[in-house]
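Have a look at the structure below before the remarks.
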Amino acid sequence: MLKIFTKQTLKTLNIAPLVALLALSFLSCTPKVYKINRIEGKQIAIDSTIAPNEKVAQFILPYQEKLNKEMEVILAYTPTTLTRERNEPETSLGNFVADLALKRAQTKFYDLTGKNIDFVLLNAGGLRSDLNKGNVTVGNAYEVMPFENSLIVVEIDYDKFLELLEYYGVSKNPHPISHNLKLTFKDDKLEKYALNGTENLKLKSYYVLTNDYLANGGDNMNFFLNPISATEINYKVRDALLDELIAIDTINQTLDNRVER
Amino acid sequence: MKRRDFIKNTSATLGLIGMSNFPVYGFNSENKKHITVLHTNDVHSHIDPFPATDTRNPNQGGVARRKALIDSIRNENPNTLLLDAGDIFQGTPYFNFFGGELEFKLMSMMGYEAATIGNHDFDNGIDGLFKQLPHAQFQFVCSNYDFKHTVLEDSVKPYQVFIKDGVKIGVFGLGIELAGLVDKRMYKETKYLDPVGITQDVVKKLKNDEKCDLVICLSHLGYNYKTEKISDLKLAGLTQDIDLIIGGHTHTFLKKPTVTKNALGKNMLVNQVGFAGLNLGRIDFYLDESGNVTTDSATIIV
């Protein structure tokens, strides 16, 4: 450091003796203290205008190849294609995911709270791909569910529950619900509902299993905002899907008219 | 690679910097210093760019590109510090299959110098994090997690002091409250301590004992909340002597770094750059020998 200082100053100013003296005096001095004069801040987008570093790209390659192999691992079989068709009142893929979420989250929720989940409501947009007929791989599960959303149980009162039903009717989207909730709409208006086989069951509050995206008001599901309670169960929707696929051999999911329009 | 290519998306902030065309002083002077701080947060195991078919961020991000960008900035200014504000783990199958090994190895290749710990970095448990530490050639800093009686006790430091071109830079870390966010079985005996009290102590130490010229907080508290929950903006207003808070957790995309006031009413910066390695934050500090600076507050251009 000291050396550089002396050299550079010598070159530019040619006042060697003085500089040497100064340099010497620095030796006995405490380190310099610096103060900020100016700060500039910004962010730089990392996009296709930047050519990738070749060394890093090569380093990633074997991991990428190994990962691709892992993604090809077959977990289950589906005799039919499970679809997420947007124009139907319900979808086979939606039903499958909602039901497995209920099944897999129920014990976790019960362990945490001693309560039971009343039903499931997820969003149709959360399912990003169909599950094609044939073998179902790890990669397929990631395609269906690329998001990192976690399951959460939101407790809402009866009024919010009615808001939920009204939302469902108007939205026309086949948002996945669990098999134990049956909804009947006519001209987008609720005609009747049944929960666990009981028609128009009125409860003080409803424990709804959903994902954290919706619980925070995503897809304008505002009835989930400011709930009576919310219980995070630290379980990703995709992990629930993967666990279910590992547990079963063959997917046996049909439409069961849980939503009628 | 020309610098212009990298700043094309920041045209809103570019105007002032570009037009004024500051003479580049500081490089050849012992009195004037230029320190560049680069930072990421919540990269969440995003190694590859998002696929071209991605609806939100098509063909954006990617570690190999980030490395190229970092190298070009280091060529421009060797006195560059590279930091990460946590949640390195979880978000792509790379983490599920390799447990964070690749993330740490790549960060080491990119030349990261310090990182703090995010809640998702506990996703394979404190033991899962500890297991990957040999792959991290950079220092983890966190001052408000008490790791006594855990495997991380000797690995994580409250702060680290870096010296760049004679300028002393103190970097300390802050983590978010884990209870209710992370399963206790994952973080085990880790104790969360009040970030505000800890910050006051650490900053005092960095300023008075370590004689730091710059103090940077690497925070995973989150940018801002509607509730009383402690956040980067709240922390800024409750403390003093921090020059820059680099935040994370809330995946906040800011159009530009936030200029805010500390407890003494002095301007300082809070920044966060979204998530998934879509952006690189860049803060340039121009310093002068203490006696040459007459004003107490620096000019901030964002």
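Given the residues A:Pro52, A:Pro79, which is the only one that is open to solvent by 10 Å² or more (accessible area, probe 1.4 Å), in contact with a Gly (Cβ under 7 Å, 6 or more places away or on another chain) and not basic (Lys, Arg)?
Working: A:Pro79 fails: in contact with a Gly (Cβ under 7 Å, 6 or more places away or on another chain).
Residue meeting the stated conditions: A:Pro52.
B:Lys164 meets all of the listed conditions (1) open to solvent by less than 50 Å² (accessible area, probe 1.4 Å); (2) touching a helix residue (DSSP H, G or I) at 6+ places or on another chain (Cβ under 8 Å); (3) within 14 Å of chain A (Cβ to nearest Cβ) but one, namely (2). Entry remark, the stretch B:104-140: residues being open to solvent by less than 10 Å² (accessible area, probe 1.4 Å) and either charged (D, E, K, R) or in contact with a Ser or Thr (Cβ under 6 Å, 6 or more places away or on another chain) (or both) number 2 in total. Residue pairs whose Cβ atoms lie under 8 Å apart, sitting 6 or more positions apart in sequence or on different chains, and linking a residue in the stretch B:203-218 that is touching a residue at least 24 places away in the same chain (Cβ under 8 Å) to a partner that is buried (at least 24 other Cβ atoms within 10 Å of the Cβ) and polar (S, T, N, Q), are B:Cys217/B:Thr199; B:Leu218/B:Thr116. Quick check: is even one residue across the stretch A:76-90 in a helix (DSSP H, G or I) and out of contact with any helix residue (DSSP H, G or I) (no Cβ under 8 Å at 6 or more places or on another chain)? There is no residue in the stretch A:76-90 that is in a helix (DSSP H, G or I) and out of contact with any helix residue (DSSP H, G or I) (no Cβ under 8 Å at 6 or more places or on another chain). May I ask you to list the residues in the stretch A:216-237 that are under 14 Å from the mean Cα position of the chain (by Cα), buried (at least 19 other Cβ atoms within 10 Å of the Cβ) and outside any strand (DSSP E or B)? The one that is under 14 Å from the mean Cα position of the chain (by Cα), buried (at least 19 other Cβ atoms within 10 Å of the Cβ) and outside any strand (DSSP E or B): A:Val237.
For A:Asn257, are the conditions met, namely being crowded, with 17+ Cβ neighbours inside 10 Å and among the polar types (S, T, N, Q)? Don't jump to the end; show me each part of the working.
Details: crowded, with 17+ Cβ neighbours inside 10 Å: no; among the polar types (S, T, N, Q): yes.
In short, no.
Looking only at residues in the stretch B:169-210 that are within 18 Å of B:Gln240 (Cβ to Cβ) and part of a strand (DSSP E or B), the one that is nearest to the other protein chains (Cβ to nearest Cβ) is B:Ile169.
Checked against the criteria, A:Val56 counts as at the interface with another protein chain (Cβ under 10 Å from one of its Cβ atoms) and at pLDDT 90 or above. Of the residues in the stretch B:81-91, at least one is within 11 Å of another protein chain (Cβ to nearest Cβ) and over 17 Å from the mean Cα position of the chain (by Cα).
I'm checking my understanding of the structure. Among residues of the stretch A:171-182 that are modelled with pLDDT of 95 or more and out of contact with any Lys or Arg (no Cβ under 7 Å at 6 or more places or on another chain), which one is surrounded by the fewest Cβ atoms within 10 Å (Cβ to Cβ)? Within the stretch A:171-182, the match that is surrounded by the fewest Cβ atoms within 10 Å (Cβ to Cβ) is A:Asn180. When the stretch B:24-59 is filtered for residues that are modelled with pLDDT under 95 and open to solvent by 50 Å² or more (accessible area, probe 1.4 Å), the ones remaining, listed by number, are B:Val24, B:Tyr25, B:Phe27, B:Asn28, B:Asn31, B:Lys32, B:Pro51, B:Ala52, B:Thr53, B:Thr55, B:Arg56, B:Pro58.
Only one entry of A:Asn200, A:Asn226, A:Asn234, A:Asn196 meets the criterion of being out of contact with any Pro (no Cβ under 8 Å at 6 or more places or on another chain), of a type in the set (S, T, N, Q) and under 16 Å from A:Leu121 (Cα atoms), and that entry is A:Asn196.
Of the residues making up the stretch B:177-190, none is crowded, with 20+ Cβ neighbours inside 10 Å and small (Gly, Ala, Ser). Per the conditions (1) buried (at least 20 other Cβ atoms within 10 Å of the Cβ); (2) at positive phi, the sole criterion not satisfied by B:Leu244 is (2).
Among the residues of the stretch B:49-80, write down those that are touching a residue at least 40 places away in the same chain (Cβ under 8 Å) and over 21 Å from the mean Cα position of the chain (by Cα). Residues satisfying the conditions are B:Phe50, B:Asn57. Scanning the stretch B:211-223 for residues that are under 10 Å from B:Ile242 (Cα atoms) and within 11 Å of chain A (Cβ to nearest Cβ) yields B:Leu214, B:Val215.
Please go through the stretch B:266-298 and give me each residue that is open to solvent by less than 40 Å² (accessible area, probe 1.4 Å) and either basic (Lys, Arg) or in a loop (DSSP other than H, G, I, E, B) (or both), ordered by number. Selection gives B:Gln272, B:Gly274, B:Ala276, B:Gly277, B:Leu278, B:Arg282, B:Val293, B:Ala298.
Which residue is farthest from B:Leu287 (Cα to Cα), if the candidates are limited to the stretch B:44-56 and must be touching a Leu at 6+ places or on another chain (Cβ under 9 Å) and more than 9 Å from chain A (Cβ to nearest Cβ)? First the steps, then the outcome.
So the first thing to find is which residues in the stretch B:44-56 are touching a Leu at 6+ places or on another chain (Cβ under 9 Å), and the list is B:45-47, B:50.
From what is left, the residues that are more than 9 Å from chain A (Cβ to nearest Cβ) are B:45-46, B:50.
Working: B:Ser45: 35, B:His46: 35, B:Phe50: 38 Å.
Filtering the stretch B:44-56 for residues that are touching a Leu at 6+ places or on another chain (Cβ under 9 Å) and more than 9 Å from chain A (Cβ to nearest Cβ), the one farthest from B:Leu287 (Cα to Cα) comes out as B:Phe50.
Within the stretch A:137-155, residues that are open to solvent by 10 Å² or more (accessible area, probe 1.4 Å) reach partners that are of a type in the set (Ser, Thr, Tyr) with beta carbons closer than 6 Å, at six or more positions or on different chains, in the pairs A:Glu143/A:Ser129; A:Asn149/A:Tyr213; A:Glu155/A:Ser205; A:Glu155/A:Tyr207; A:Glu155/A:Ser229. In the set (1) acidic (Asp, Glu); (2) more than 14 Å from chain A (Cβ to nearest Cβ); (3) open to solvent by less than 30 Å² (accessible area, probe 1.4 Å), the condition left unmet by B:Glu228 is number (3).
The values are calculated or read from the model by the stated rules, or taken from the named source; none is laboratory data. Predicted model only: the values in this text are computed from it and were never measured. Neighbour counts are summed over all protein chains in view; Cβ atoms, including those assigned to glycine, are modelled from backbone coordinates with ideal geometry. Side chains are part of the model used for accessible areas, which takes the heavy atoms of the whole protein and leaves out ligands, DNA and RNA. Shrake-Rupley method; radii C 1.70, N 1.55, O 1.52, S 1.80 Å.
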